[in-house]
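To keep things clear, I will list the structure first and then write my remarks on it.
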Amino acid sequence: MSRDVGPGRPPKGSRFRKGESGNPKGCPRKPKQRAPLFEILFDRRIPLMQQNGQQRDLTVEEALQLRTYRDAVAGKRSAIRDVLKWIMEREKWFAKRAPIKPIVQVIEHDPDNANEALLLLGIAERDTRYD
């Protein structure tokens, strides 16, 4: 029996020719992704009058943070919780980027001077009476 004919196989005349795609138009294009509305809102700037009478433009994000700080100072628990969370995140960020302190300090000294060696080891203290 030949492979061209059989159950589950379409007739030879209605099959795709070699090199021809089964889906000539391809998958339909997806619509372009738009920026979420919340991000568009955060990019806007709001004029804010300061206590000294000058106007300053803030982003919506900065204005919300300022309001949260004011609410935290006023004693609102949810605002206090948010501010404490921001502080912890900030501390973690600074801890990651903190410079690594050297464990060993190299100090130039005279190896023949015993007094200087005792000072370096912390056994003796400098006599400041005669300075």
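Structure notes:
- Scan segment 36-74 for residues that are surrounded by 10 or more Cβ atoms within 10 Å (Cβ to Cβ), among the aliphatic types (A, V, I, L, M) and not in a helix (DSSP H, G or I) and the total you get is 3.
- Scanning segment 78-101 finds no residues that are at pLDDT 80 or above, hydrophobic (A, V, I, L, M, F, W, C), touching a Lys or Arg at 6+ places or on another chain (Cβ under 9 Å) and not in a helix (DSSP H, G or I).
- The requirement of being aromatic (Phe, Trp, Tyr) and within 34 Å of the chain's Cα centre (by Cα) is not satisfied by residue 16.
The values are calculated or read from the model by the stated rules, or taken from the named source; none is laboratory data. Since this is a predicted model, take the numbers as computed values, not measurements. Ideal geometry is used to build each Cβ from the backbone, glycine not excepted, and the neighbour counts take in all protein chains shown.
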